[in-house]
Amino acid sequence: MDVFGVESLIQMIELRGLEKSFGSIQALFGLDLSIPRGCLYGLLGPNGAGKTSTIRIITTLLAPDSGSVVVNGVDALKEPCIVRNQLGYVAQEVAIDKILTGRELLELQADLYHLSQSKKIERITFMIQRLDMDSWIDRRCGTYSGGMRRRLDLAAGLLHEPELLVLDEPTVGLDLESRKIVWELLRELKSKGITILLSSHYLEEIEIMADRMAILDRGRVIAEGTPDQLKDELGGDHVTLRVREFSDEKESMQVRDVLDNIDGVKQIVVNRSQGFSLNLVVEGETVLPKLREELTKADFPIFALSQSRPSLDDVYLQATGMTLMDAELAIAGQRDSKLEAKKGMR
Amino acid sequence: MTSQITGQFDSVTARSQWIEISQETLALTRRLFIQLVRRPSTLIAGILQPLIWLLLFGALFSKAPEGLIPGGTSYGSFLGAGVIVFTAFSGALNAGLPVMFDREFGFLNRLLVAPLRSRSSIIFSSVIYMTSISLIQSFAIMVTAALIGYGWPGLSGLSIVIVTLLLLVFSVTALSLGLAFTLPGHIELIAVIFVANLPLLFASTALAPLSFMPIWLGWLASLNPLTFAIEPIRAAYSGPLDLNAVLINAPYGAVNGYGCLSVLMALSFGLFFLISPMLNRKLA
Ligand SMILES: Nc1ncnc2c1ncn2[C@@H]1O[C@H](COP(=O)(O)OP(=O)(O)O)[C@@H](O)[C@H]1O
Ligand SMILES: [Mg+2]
């Protein structure tokens with residue numbers, strides 16, 4: 001049965017060399033990813049990084065131009081139906097039928113997954129209770145708030161008790177109550193051994209929840225590991241330096257040359273989007289005083305200097321030269337979601 | 001995978017396959033009917049419109065000379081069959097629209113990510129739904145026609161109406177779903193429906209017999225699937241039904257009742273086997 005060897009005993013999802021283009025836009029550039037069984041795996045990246053494309057490929061909704069997709073030991077490109085049986089999917093855009101009630105939608109879902117009549121009733125009752133949907137489940141979906149829709153969608157995705165749950169930005173636009181319910185449920189599922197893959201562009205979420213994570217940027221995995229590993233890989237503390245409030249490129253390059261020669265400064269990135277501030281990774285206690293001394297010697301002022309434990313944002317910044325927030329802003333105006341919806345329509 | 005499985009196991013899986021396909025199909029059909037019940041305006045309009053056709057067209061030709069229509073029937077009873085078939089046809093032609101909206105609103109993804117045994121379930125559910133609606137509409141038309149005095153086709157007539165409509169609705173629904181999955185959006189689909197609808201009506205024997213038509217139109221009408229659906233129903237209206245009797249005196253030769261039904265049957269199977277694999281491939 002297991003044509004993919006021992007790897008598939010350990011990994012729930014194995015993606016190799018995924019390429020995907022939409023017309024002239026390339027979304028994925030040879031993406032590799034391994035997601036171990038039983039883990040809550042976070043996919044972090046700014047808007048446009050390729051999270052949804054990756055997830056749609058895993059869930060058999062999108063065929064890659066090249067590369068391989070193995071889910072639970074099954075080749076998803078050859079046997080998509082087996083894969084569909086085993087995974088629950090909560091899409092980024094919740095698709096509901098406004099005329100149906102929540103319960104009717106769950107019943108439809110149960111039949112599409114071929115649950116028996118008794119199982120169907122049992123699971124629907126259970127999910128309604130578990131996600132606290134009792135008071136509104138018999139109202140039409142058209143009247144639901146974003147949080148209610150998301151909870152309904154989550155219930156639908158879990159109805160057939162999948163081994164793998166895939167969620168695309170599950171907490172975007174959620175009210176606090178719904179967010180709490182969703183997180184609690186995900187923790188509980190994880191404790192039962194269910195593998196969870198979720199994408200997000202919220203750092204905090206991934207940092208707190210995920211066992212492992214990958215950072216996606218422009219269709220590639222630029223960092224992978226546990227959140228702590230990723231931060232430790234930066235190897236030291238994180239320092240932000242501004243010589244003045246708004247510097248320019250020339251000046252920050254000069255400053256960089258000065259800093260480059262200091263012992264214990266491991267990496268320097270010029271943050272163009274933040275007034276050419278400099279982000280350094282430093283090791284050792286003596287670096288900061290040394291740094292002040294050198295800057296003064298070279299006649300540079302110091303507007304701000306701060307040292308902190310690295311965050312995931314620093315990991316991202318170090319890899320791309322941009323903070324996640326800025327990457328987000330940079331892409332915001334460029335995407336035509338209507339056009340994409342039309343082109344991506346199946 | 002299935003290659004190593006024994007024959008006995010195969011028949012079990014085949015059985016469960018059909019159970020699963022009917023479970024999917026029923027669930028999808030149920031959704032369509034819930035939508036219909038909660039949004040009944042389309043059904044009401046769909047029943048009223050053909051009745052208005054029947055009344056207005058019937059009245060328009062009510063003073064037509066006796067014997068205008070070959071066989072001595074009144075224009076009203078001549079028209080009944082045409083209205084029944086045309087109503088079913090345009091209804092089925094619209095069957096792709098809800099699917100197109102499901103595509104556009106992303107609801108279809110819910111179906112595509114589910115392990116459907118066969119995506120033909122999507123076609124089957126639409127066909128069941130459309131056929132039921134057409135039967136309701138036809139029944140309303142037939143009752144109205146009877147009340148105005150255009151006659152009643154009798155029991156054999158009723159059964160021929162059901163068989164003919166089933167075949168016609170099946171093929172046109174399959175076609176419409178095929179379009180719904182290939183055209184880029186609902187605007188294009190509506191345009192195709194709009195362009196196809198009336199010409200197919202006029203180039204058929206719905207409103208006038210073949211003998212009234214110039215040669216070229218006669219050719220078109222006797223190739224038009226609508227004609228093959230209209231004539232058996234019309235024959236049922238004009239007397240005891242005999243499927244061996246010649247119903248269409250086409251330029252290429254005579255076609256009897258069985259011929260008409262065979263053409264519709266061939267069309268249904270042809271379109272289904274053309275479009276069903278296309279859905280599975282397109283949606284793979
Ligand atoms: N259907 C589509 N048509 C055209 N471009 C698309 C489509 N889907 C995604 N893209 C493009 O592919 C890139 C990756 O998008 P996506 O996978 O949605 O990223 P994310 O989910 O991380 O925001 C973006 O540049 C986006 O504009
Ligand atoms: Mg996305």
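The values are calculated or read from the model by the stated rules, or taken from the named source; none is laboratory data. Treat the numbers as computed from the prediction; the structure is a model and nothing was measured. Every residue, glycine among them, receives a Cβ derived from its backbone with ideal geometry; neighbour counts consider all protein chains shown. Surface areas here come from the heavy atoms of the whole protein model, side chains and all, with no ligands, DNA or RNA. Shrake-Rupley method; radii C 1.70, N 1.55, O 1.52, S 1.80 Å.
For the protein assembly as shown, a crude dipole built from +1 on the beta carbon of Lys and Arg and -1 on the beta carbon of Asp and Glu, taken about the Cα centre, is about 2340 debye to the nearest 20. Solvent-accessible area of A:His201, all protein chains in place: 50 Å² (probe radius 1.4 Å, heavy atoms, ligands and nucleic acids excluded). The simple spin-label model puts a point 7 Å past each Cα toward its Cβ; for A:Arg335 and A:Met253 those points are separated by 3.3 nm.
The figure for A:Lys119 is an accessible area of roughly 70 square angstrom, using a 1.4 Å probe on the protein chains alone.
If R0 equals 51 Å, the separation of the Cβ atoms of A:Asp132 and B:Phe61 corresponds to a calculated FRET efficiency of about 0.20. In units of the rule-of-thumb radius 2.2 N^0.38 Å, region A:206-311 shows an alpha carbon radius of gyration of 1.18. Between A:Ile124, A:Gln11, B:Ile190, the Cα set farthest toward the positive side of the dipole of the protein assembly as shown (charges on each charged residue's Cβ, about the Cα centre) is that of B:Ile190. Look at the stretch A:104-117: the mean tally of other chain Cβ atoms within 10 Å of its residues' Cβ atoms is 5. Look at the stretch A:191-203: the mean tally of other chain Cβ atoms within 10 Å of its residues' Cβ atoms is 0. Eigenvalues of the alpha-carbon gyration tensor of region A:120-168, scaled by 5 and square-rooted, set the equivalent ellipsoid semi-axes at 18, 14, 8 angstrom, largest first. What's log10 of I(q)/I(0) for the protein assembly as shown at q = 0.11, 0.12 Å⁻¹, Debye sum over Cα points only, no solvent? Evaluating at q = 0.11, 0.12 Å⁻¹ gives log10 I(q)/I(0) of -1.08, -1.19. Placing a label point 7 Å from the Cα of B:Ser159 along the Cα-to-Cβ line, no residue of region B:61-89 has its backbone N under 17 Å from it. Ligands, DNA and RNA excluded, the heavy atoms of A:Ile10 present near 90 Å² of accessible surface to a 1.4 Å solvent probe. In the full protein context, the protein assembly as shown carries 45 Å² of accessible surface per residue, based on a 1.4 Å probe and ignoring ligands, DNA and RNA.
Considering only Cα atoms, the convex hull volume of chain A works out to 161 Å³ per residue. Toward the positive end of the charge dipole of the protein assembly as shown, with +1 on the Cβ of Lys and Arg and -1 on the Cβ of Asp and Glu, the farthest Cα among B:Leu271, A:Val270, A:Ile82 is that of B:Leu271.
Neighbouring Cβ atoms from other chains, within 10 Å of the Cβ of residues in B:108-121, number 6 on average. Remark: spin-label model distance A:Ile121-B:Tyr252 equals 5.7 nm, labels positioned 7 Å along the Cα→Cβ axis.
Charging the Cβ of each Asp and Glu at -1 and of each Lys and Arg at +1, and nothing else, the dipole of region A:236-309 about its Cα centre rounds to 180 debye.
Between A:Ser308 and A:Glu283, full extension at 0.36 nm per residue minus the direct alpha carbon distance yields a gain of 7.8 nm. Summary of packing: across the peptides A:35-43, B:224-232, A:302-310, the per-residue average of other C-beta atoms within 10 Å ranks them, highest first, as B:224-232, A:35-43, A:302-310.
When only alpha carbons of region A:1-105 are considered, Rg and Dmax amount to 15.1, 47 Å. What's the center-to-center distance, using Cα atoms, between region B:46-98 and region A:222-251 in Å? First find each Cα centre; the distance between them is then 77 Å.
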